[in-house]
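> Before anything else, here's the structure in question.
What follows is calculated from the coordinates using simple rules that are stated; it is not laboratory data. The model shown is predicted, which means the values in this text are computed figures rather than measured ones. Cβ sites come from the backbone with ideal geometry, for glycine too, and all protein chains shown count toward neighbours.
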Amino acid sequence: MLIERIHHVAYRCKDAKETVDWYTRHLDMTFILAIAENEVPSTKAPDPYMHVFLDAGNGNVLAFFELPTQPEMDRDRNTPAWVQHLAMRVDSMETLLAAKAKLQAAGIDVIGPTDHTIFKSIYFFDPNGHRLELAYDCGTPEMYQQLDEVKWDMLNEWSKTKKAPMHARWMHDGSMSSQEDSS
């Protein structure tokens, strides 16, 4: 089996209209489709819903379900809030900074830019409590090659020890730039 691409990613929302308005206003997404049913097509369970779809660019679709008869939505309390998030790529640092300014001007709290060495990003929450990230890729081909060369060693070490392997510590301590300077 070969996956062509992700068809859509779906999350729950508190209010479909508020969610569509927020994503179109703050992230310039286009509202592309709404589906509403009184029963779940796959299970035939009676459960009315509104399913909305937004164009996140380049064939990527972000979708939300409003489920008015279900218990109020909440997040997984056993997972830290910073873990579960949706990261979306932007084309430049200028775009990232402009997005931050636009969000802050609308009263949205924004963290960052955070420097992850191979990308820089900002973090904020949508009106449903979903954590979002906008990221600008700034890594070099050499950085990605170094990460590719150690990925399996890192995963295998982590699997055995559950401690962060040091194979790519240059991403956090700046040692790659000093290695490049000495070569």
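> Once you put a point 7 Å from the Cα of residue 3 and another 7 Å from the Cα of residue 70, both along the Cβ direction, what distance in nm separates them?
2.1 nm
> Here's something else I'd like to know. Which value, in debye to the nearest 20, gives the size of the charge dipole of region 1-69 about its Cα centre, when Lys and Arg are +1 and Asp and Glu are -1 at the Cβ? Mind showing how you got there, number by number?
Numbers: 6 positive and 10 negative charges, 23 e Å.
Result for region 1-69 is approximately 120 debye, rounded to the nearest 20.
> Per DSSP H run of at least 4 residues, take -39500 (n - 2.57); add these up for the chain, divide by its residues and hand me the 222 nm value, nearest 500 deg cm²/dmol.
Working: 5 runs with 58 residues, N = 183.
Taken over the chain, the calculation gives -9500 deg cm²/dmol.
> Using a basic spin-label model with each label point 7 Å from the Cα along Cα→Cβ, how many nm lie between residue 153 and residue 35?
If labels sit at residue 153 and residue 35, their model points lie 4.6 nm apart.
> Now a separate question. Give me the aspartates and glutamates in straight-line cross-link reach of residue 14: C-alpha distance below 13 Å, same-chain residues under 8 apart excluded.
Within the straight-line limit of under 13 Å, residue 14 reaches these aspartates and glutamates: 66, 72, 74, 126.
> Simple spin-label model, 7 Å along Cα-to-Cβ: residue 143 to residue 125 in nm?
With each label placed 7 Å out from Cα toward Cβ, I get 2.9 nm.
> For region 92-183, what relative contact order do you get, as a whole percent, if you take Cα pairs closer than 8 Å and at least 6 residues apart?
Values: 87 pairs, mean separation 17.7, N = 92.
Relative CO of region 92-183 lands at 19 percent.
> Could you sort out which of 120/163; 100/151; 102/163; 17/120; 120/162 sit more than 29 Å apart by Cα distance in this structure?
Numbers: 120/163 24 Å; 100/151 32 Å; 102/163 39 Å; 17/120 31 Å; 120/162 26 Å.
Going by Cα-Cα distance, 100/151; 102/163; 17/120 fall outside the 29 Å limit.
> Still on this structure: How high is the relative contact order of the chain, in percent, with contacts defined as C-alpha pairs under 8 Å that are six or more residues apart?
Details: 251 pairs, mean separation 29.6, N = 183.
After rounding, I find 16 percent.
> In addition: Based on the Cβ-Cβ distance from residue 116 to residue 18, what FRET efficiency comes out when R0 is 25 Å, to the nearest 0.05?
Working: r = 31 Å, r/R0 = 1.23.
Once the sixth-power term is evaluated, E becomes 0.20.
> Still on this structure, please answer the following. So, by mean Cβ neighbours within 10 angstrom, what's the order for 25-31, 134-140 with the highest one leading? Intermediate results must be reported in sequence, preceding the final value.
Values: 25-31: 14.9, 134-140: 16.6.
My ranking of the peptides, most packed first, is 134-140, 25-31.
> Just order 11-21, 33-43 by mean Cβ neighbour count inside 10 Å, highest at the front, would you? Display every interim value, and only then the final one.
Working: 11-21: 17.5, 33-43: 10.3.
Listed from highest to lowest mean packing, they are 11-21, 33-43.
> Using the charge dipole of the chain (Lys, Arg: +1 at Cβ; Asp, Glu: -1 at Cβ; taken about the Cα centre), state which of 67, 52, 29 has its Cα farthest towards the positive end.
Of the options given, the answer is 67.
> Something else: Considering the convex hull of the alpha carbon atoms of region 53-183, report its projected area averaged over all viewing directions, in nm², one decimal. Walk me through the numbers before you get to the answer.
Values: hull surface 46.1 nm².
The number I arrive at for region 53-183 is 11.5 nm².
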